[in-house]
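Read the structure below first, then the notes.
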Amino acid sequence: MEFFKADIAIDAGYILCLDESATQIEDGTILIKNNNFQYVGSRLDRGQYIATDYIDAKTSVVLPPFYNQHTHPSLSLYRGLGVDLSLHDWLQKVIWPLEKRFCNPEMVYLGSQLSLLEMIRSGTGAVATMDFHTKAVGKAFEEAGLRAYLGEAIFKTPTPACQSPEDGYKYIESLLTEYSDSDLIHIYLAIHAPFTSNPALYKEAAKRATQWDILTTSHIAETKSEFEWSQKTYRKTPVELIESTGILDTDFILVHGVHLSDSDIKILSNNDIPVIHNPQSNMFLGSGACPVSSLLEQNVLVGLGTDSAASNNNLSMMREMQTAAKLHKVIQKDASSIPAPQALRMATANGYRIYRHKLLGQITKDYKADMQIIETADIHNIPSYDITSTLVYSSHSEDVTGLIVNGKIIMKDREIITLDEGGILDRCKKMGLEIAQFMKNR
């Protein structure tokens, strides 16, 4: 009988491995050693191993962490402002004036910390961001211990962090250097949107991304007005427009994709372009709903993101998953649309695949030790006849009790280990008063 020496041992009621075989293990044990899964299988006797830390999750399910595949962390400080506005009014009347006044490294760092608290508490272990002053975002993520793809938003006009696109590219180069040896932080190239950019900018971004061998992303076809503007201005849909720039020849990730023609979907499918669906933000801003069913029919890989806490107004990937699963049943008038296993993968494993992570996104021996623990013994989860359906249709974000990333305990028994929750909340409340005063005096 093999004897194990582990850093962390977890006894779980269920383990959802999310591997290709959709392996489920009831009454299992997970052992973590040197940041990797050392053992994943049937319940071990406590005499078969020693471990520095032990977690009793016998009434819980263990699975890979949620992956928030698109969000703007600093904007959590603007949660609740600009409600009941369309995207362009929300940007022009609320968000951009607030960023002009408040967007600096200190504010970005604080807003990112607030977002991280919320994401950790709801089981998110990896995040793809688009923000300004990205070095401040990276500092917050390093301290929290989460995985991240960080993107400095590039516009054709000056931003709070960069005076020109060229300054933006120099900033990205500095980020690539700073995080070149990081296990957790990666950098990609983020162009904000066609209506804040131009074709030349996308062409240059494609050139730089190829040179640096990094992923690219952009908000595309988020609103009907953007779709109509693109057709009027360029005689192309937003997807056709960016296709003409060569950006789709890079490892491109399309965000939103609410207004897509049939030919757009063909273009995405033919170019293997994944789409990040942000259902709650698109609903909140009245933008519409991404045609997920049509994308899936054309074998387009679809993931999920929350977008910002200012346009959602929460950062729970569990809620996002549940919304996506139900929304498309309504749209399609078909209860089989986005079944529970597919919704769960969109919120977890698909993200790790879309962002090209290796040895991540499933609980398998020798994979990186990333996992979340979700308690299933509370009233709203009982009885549970199928654990995946329970998570997708019954569970609450507050059921998440633990999070481990890269073999490090980030949260245990709902206590966040890596961040000073009380101090962050106190600073955010003070900042909120200052922001409220600014809005009152405008």
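Annotations
- Cβ separations smaller than 7 Å between residues 6+ apart or across chains give the following pairs from the stretch 225-253 residues that are on the phi > 0 side of the Ramachandran plot and in the same structural domain as PRO199 (by TED's automatic domain parsing) to residues that are crowded, with 18+ Cβ neighbours inside 10 Å and not basic (Lys, Arg): GLY246/ALA206.
- Test for GLY288: is it assigned to a loop (DSSP other than H, G, I, E, B) and either of a type in the set (Ser, Thr, Tyr) or modelled with pLDDT of 95 or more (or both): yes
- Against the test of being in the same structural domain as LEU114 (by TED's automatic domain parsing) and out of contact with any Pro (no Cβ under 6 Å at 6 or more places or on another chain), the options LYS429, LYS333 yield a single qualifying residue, LYS333.
- Of the strands (runs of 3 or more DSSP E) lying entirely inside the stretch 16-103, those containing at least 2 residues that are more than 22 Å from the chain's Cα centre (by Cα) are 24-33, 36-42, 49-63.
- Condition check for ASP213 on (1) under 24 Å from the mean Cα position of the chain (by Cα); (2) within 20 Å of VAL292 (Cα to Cα); (3) without any contact (Cβ under 8 Å) to a residue 24 or more places away in the chain: one failure, at (2).
- Conditions (1) in a helix (DSSP H, G or I); (2) more than 21 Å from ASP420 (Cβ to Cβ); (3) of a type in the set (Gly, Ala, Ser); number of the one not met by SER115: (2)
- Test: residue in the stretch 261-275 that is in the same structural domain as ARG319 (by TED's automatic domain parsing), touching a His at 6+ places or on another chain (Cβ under 7 Å) and assigned to a loop (DSSP other than H, G, I, E, B): no
- Filter result for ILE253 (β-branched (Val, Ile, Thr), in contact with a helix residue (DSSP H, G or I) (Cβ under 8 Å, 6 or more places away or on another chain) and in a helix (DSSP H, G or I)): no
- Helices (runs of 4 or more DSSP H) wholly inside the stretch 321-393 containing at least 3 residues that are aliphatic (A, V, I, L, M) and crowded, with 19+ Cβ neighbours inside 10 Å: 340-347, 387-393
- One residue stands out among those in the stretch 13-40 that are without any contact (Cβ under 8 Å) to a residue 24 or more places away in the chain and loosely packed, with under 13 Cβ neighbours inside 10 Å: the one that is nearest to ASN381 (Cα to Cα), which is GLU26.
- The condition (being crowded, with 24+ Cβ neighbours inside 10 Å and either among the hydrophobic types (A, V, I, L, M, F, W, C) or more than 30 Å from ILE374 (Cβ to Cβ) (or both)) is satisfied by just one residue among LEU63, LEU85, LEU117: LEU63.
- Total residues in the stretch 193-213, condition under 20 Å from LEU268 (Cβ atoms) and either touching a strand residue (DSSP E or B) at 6+ places or on another chain (Cβ under 7 Å) or not β-branched (Val, Ile, Thr) (or both): 10
The values are calculated or read from the model by the stated rules, or taken from the named source; none is laboratory data. Computed from a prediction, not measured in an experiment: that's the story for all the values here. All Cβ positions, glycine included, derive from the backbone under ideal geometry; neighbour counts span all protein chains shown.
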